[in-house]
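The next block holds one structure in the form of structure tokens; read it before the comments.
The values are calculated or read from the model by the stated rules, or taken from the named source; none is laboratory data. Note that the structure is a prediction, hence the values are computed from the model and not measured. No Cβ is skipped: glycine too gets one built from the backbone with ideal geometry, and neighbour counts run over all protein chains shown. The area values use the complete protein model at the heavy-atom level, side chains included, leaving out ligands, DNA and RNA. Shrake-Rupley method; radii C 1.70, N 1.55, O 1.52, S 1.80 Å.
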Amino acid sequence: LDFSGCVPLPIPADADIHIPQRPGYLTAITPQGQLWLLRLPNLQIIRQIALLSYSISPEDVRWSPDGRYLAYCGGTSSGDTDVYLYDLEKDAISHVSWEAESVRLMDWSPDSRWLVYAEVQLDPTASAESVTRVMRVAPGETAFELLQEADGNEVFGKWITPHSLLLANQSSEGWKDNLRAVDLESGEVRSIYPFVFDAFDIAAQSLTVLV
């Protein structure tokens, strides 16, 4: 829709359309396990990527802030998922994580240098997952472990700087605890607030964490 009328999308009608994070492009995930990438406004199909998994959701697909890379979770021969990067400039796909368990994308760093993701164990009987490790990876580099033996419910907080972020634990009831600052360059993990809290924010100018 470009204010001149409705135009049918050249994708399967049952596809899960992803609201564009990158202006000028649209992504969609089909129930058959394919990721479609289209260029707007002419709806040109750029890529159809086989995800090898039927459990991928729109949250498993993220553009880098600079718009060059599209990160997504794709299936493996073992039935788990790994992280893949589609390079829009080179029209190339790279397999960037090789974890023993499935993965979940957390966020790109604001400067598009790193992608933060979690290794998770799935419990099909409870329809739940627990985080076992938090990792970061950069295009063309090997994944680096930020947190090992996580508490099982790590959640992404906020970026403090382009290379440091806040992580916390979150219970099934919604309360949080163990707020930490993680430096992606050095791998240093620093405790900020180890107690239970409801919410937090950052005073941008002073970089003060408010709990």
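Could you tell me which residue of segment 104-137 is most open to solvent (accessible area, probe 1.4 Å), considering only residues that are modelled with pLDDT of 90 or more and not in a strand (DSSP E or B)?
Once the filter is applied, the top-ranked residue is R113.
In segment 78-99, how many are of a type in the set (D, E, K, R) and surrounded by 11 or more Cβ atoms within 10 Å (Cβ to Cβ)?
Number of matching residues: 4.
Only one of these conditions is not met by V155: (1) in a strand (DSSP E or B); (2) of a type outside the set (G, A, S); (3) surrounded by 14 or more Cβ atoms within 10 Å (Cβ to Cβ). Which number is it?
(3)
Collect the residues in segment 66-77 that are open to solvent by less than 30 Å² (accessible area, probe 1.4 Å) and not small (G, A, S), keeping them in residue-number order.
Once the filter is applied, which keeps residues that are open to solvent by less than 30 Å² (accessible area, probe 1.4 Å) and not small (G, A, S), segment 66-77 yields L70, Y72, C73.
Quick one: what pairs do we get from segment 188-199, first residue closer than 10 Å to D177 by Cα, second assigned to a loop (DSSP other than H, G, I, E, B) and open to solvent by 80 Å² or more (accessible area, probe 1.4 Å), C-beta under 6 Å, 6+ apart or different chains?
The qualifying pairs are Y193/V211; V196/W175; F197/V211.
Of all residues in segment 172-202 being farther than 25 Å from R136 by Cβ and at pLDDT below 80, which is least open to solvent (accessible area, probe 1.4 Å)?
Step by step, filter segment 172-202, then rank; the result is G174.
Yes or no: segment 15-25 includes at least one residue that is open to solvent by 40 Å² or more (accessible area, probe 1.4 Å) and under 30 Å from G187 (Cβ atoms).
Checked against the condition, which is being open to solvent by 40 Å² or more (accessible area, probe 1.4 Å) and under 30 Å from G187 (Cβ atoms), segment 15-25 yields at least one hit.
Please specify each residue of segment 35-58 satisfying the condition of being open to solvent by less than 70 Å² (accessible area, probe 1.4 Å) and more than 25 Å from S112 (Cα to Cα).
Across segment 35-58, the qualifying residues are L43, S53.
Looking only at segment 20-29, how many residues end up being at pLDDT 85 or above and part of a loop (DSSP other than H, G, I, E, B)?
Count: 1.
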